[in-house]
1. Take peptides 428-436, 43-51 and line them up by average Cβ neighbours within 10 Å, highest first, as a rough protection proxy.
2. Modelling each spin label as a point 7 Å along the Cα-to-Cβ direction, I'd like the L280/M80 distance in nm, to one decimal.
3. If you roll a 1.4 angstrom probe over the protein chains with everything in place, what fraction of the accessible area of segment 264-339 belongs to carbon and sulfur, to the nearest %?
4. Could you check the simple spin-label distance between N405 and L222, using points 7 Å along Cα→Cβ, in nm with one decimal?
5. Starting from the coordinates of the alpha-carbon atoms of segment 278-386, obtain the Kirkwood hydrodynamic radius over all distinct pairs and give the value in Å to one decimal.
6. If a paramagnetic tag sat 7 Å from the Cα of S173 along the Cα-Cβ line, which residues of segment 193-210 would have the backbone N under 19 Å from that point?
7. Would you mind working out the accessible area per residue for segment 189-340, using a 1.4 Å probe, and quoting it in Å²?
8. If you stretched the chain out fully between S207 and N456, how much longer would it get, using 0.36 nm times the residue separation minus the C-alpha to C-alpha distance?
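The values are calculated or read from the model by the stated rules, or taken from the named source; none is laboratory data. Not measured: the values here are computed from a predicted model. Ideal geometry is used to build each Cβ from the backbone, glycine not excepted, and the neighbour counts take in all protein chains shown. Areas reflect the complete protein model, heavy atoms only, side chains present, ligands, DNA and RNA absent. Shrake-Rupley method; radii C 1.70, N 1.55, O 1.52, S 1.80 Å.
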Amino acid sequence: MNDTLGTFIIVAAALLLLAGLAAVHRKKAGFTPLILLSLILGAAFGFILQQIFGAKSRVLAQALDWIGIVGNGYVSLLKMLVVPLIFLSLVGAFTQLEVRQNLKKITGFVLGILLGTTAIASILGFLSTVLFDLQGSNFTGTAGKEALASIQEHQGEIKGLTLPQQIVSFLPSNIFADFSGSRATSTIAVVIFALLVGFAYLSVQKSEPEYAAVFAKGIKALQLIINRLVKLVLALTPYGTFALITNTIAVNSLASINHLGLFIAAVYTALILVLLVHTLILSVHGINPVLYYKKALPALLFAFSSRTSAGTLPLNVKIQIESLGVSPTVANFAASFGLSIGQNGCAGVYPTIVATIIAPTVGLDIFSWQFILMLVLIDVIASFGVAGVGGGALFTTLIVLGALNLPVTSLGVLIAIDPIVDMGRTLVNVNDSILAGLITAKKTNQLDETILNDANAVHSI
């Protein structure tokens with residue numbers, strides 16, 4: 001079989017499966033079952049392709065390039081919406097504030113939950129590393145060219161900067177460049193700019209309310225347009241999910257997974273423990289965890305398959321408002337902040353595990369309280385500005401390793417299986433931002449408990 005024929009057969013098979021999903025979609029299947037079906041079909045198809053052609057096959061690479069039009073195209077459309085969504089969501093939250101005093105409470109609760117759970121996630125990552133007895137010597141080897149290029153790209157953005165200087169770099173200096181996503185820290189820069197615009201709006205509202213009203217009306221009009229765009233793009237979710245998971249399963253060889261299986265197990269153990277902490281927080285606040293996860297599942301499944309917190313933002317906000325009863329103001333704050341601050345998976349668990357693995361190779365005692373305290377503090381600080389797309393964990397990990405003066409040698413080897421662990425990391429990141437919105441809404445009396453407790457209030461396309 002020549003390469004062209006093989007590529008054609010794979011692409012044709014993918015198109016048939018996509019047509020099948022479209023047929024199920026037209027029958028008005030529920031959103032969650034449809035996403036689950038997409039995940040199962042994509043995983044099975046990717047596994048079969050790898051067994052037949054091999055993870056490094058040129059035929060497979062060519063076919064996945066074509067299939068990527070659906071998956072990568074879908075993610076690109078979602079990313080297109082991220083910056084306007086962040087900006088309009090945060091500024092719109094200011095224009096919808098009913099009581100100004102709520103602003104301080106909302107911000108305090110959202111940041112407190114995001115950063116507090118990141119600190120807990122960091123500790124759980126450390127404990128998981130110790131539990132699995134991960135040794136740095138087991139992760140030596142030659143990193144691939146793509147892995148080295150990825151490390152060098154991210155290192156270039158923070159090279160020569162101290163941790164305080166890196167924190168300053170989060171601030172916007174050219175907001176138009178940050179609107180285009182030109183930096184790894186562009187997301188937090190847009191968040192900061194939106195907050196400044198929001199505070200300026202409140203000031204104008206007090207002194208010249210007629211002009212503030214015009215501005216608020218314009219923001220509302222833009223939000224309606226963006227929300228309609230979001231609805232159009234989210235309708236493509238099952239097809240994008242199928243293509244993305246097919247690619248992830250097909251190209252990650254079982255040999256690489258087996259070689260680094262203990263590392264994968266340690267990461268997922270820590271992530272599961274973090275989800276248990278989230279569940280405990282829900283229970284303590286009188287929220288039914290089973291009902292919560294049933295409603296949050298569409299966003300969590302998409303985050304798992306797409307590996308992008310930013311891409312999940314539209315779904316995140318809609319589920320908080322329509323399925324969980326969170327007020328739009330709180331939902332927009334929590335979802336937007338959660339993109340760049342306190343990501344439990346990418347900024348809590350993962351950097352801690354990598355740093356704890358590497359530290360003994362340079363003679364550091366990982367059991368000293370100074371090391372543990374410094375590691376947790378740096379994780380929390382580095383969680384400001386983490387990118388909400390694939391690669392954010394690498395950027396944060398480099399900041400943590402740099403702050404602790406640790407080498408990045410082992411990181412290149414670990415990148416080989418990064419897509420596998422990134423799926424779980426992203427799911428936990430998104431769950432934490434939804435959790436922050438739900439708990440904040442309950443604490444500030446901005447939660448519609450009728451919607452929250454309605455088992456039928458589940459998001460649908």
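1. So the order, starting with the most tightly packed, is 428-436, 43-51.
2. The modelled label-to-label distance comes out at 4.4 nm.
3. Numbers: 1540 of 2020 Å².
Accessible surface attributable to carbon and sulfur in segment 264-339 totals 76 percent.
4. Each label point is offset 7 Å from its Cα along the Cβ direction, giving 4.7 nm.
5. On the way: mean 1/r = 0.0628 Å⁻¹.
Kirkwood hydrodynamic radius for segment 278-386: 15.9 Å.
6. Under cut-off, by backbone N: 193-194.
7. Working: 5860 Å² over 152 residues.
It amounts to 39 Å² per residue over segment 189-340.
8. Values: separation 249, 0.36 × 249 = 89.64 nm, distance 4.47 nm.
Net length gain for the segment: 85.2 nm.
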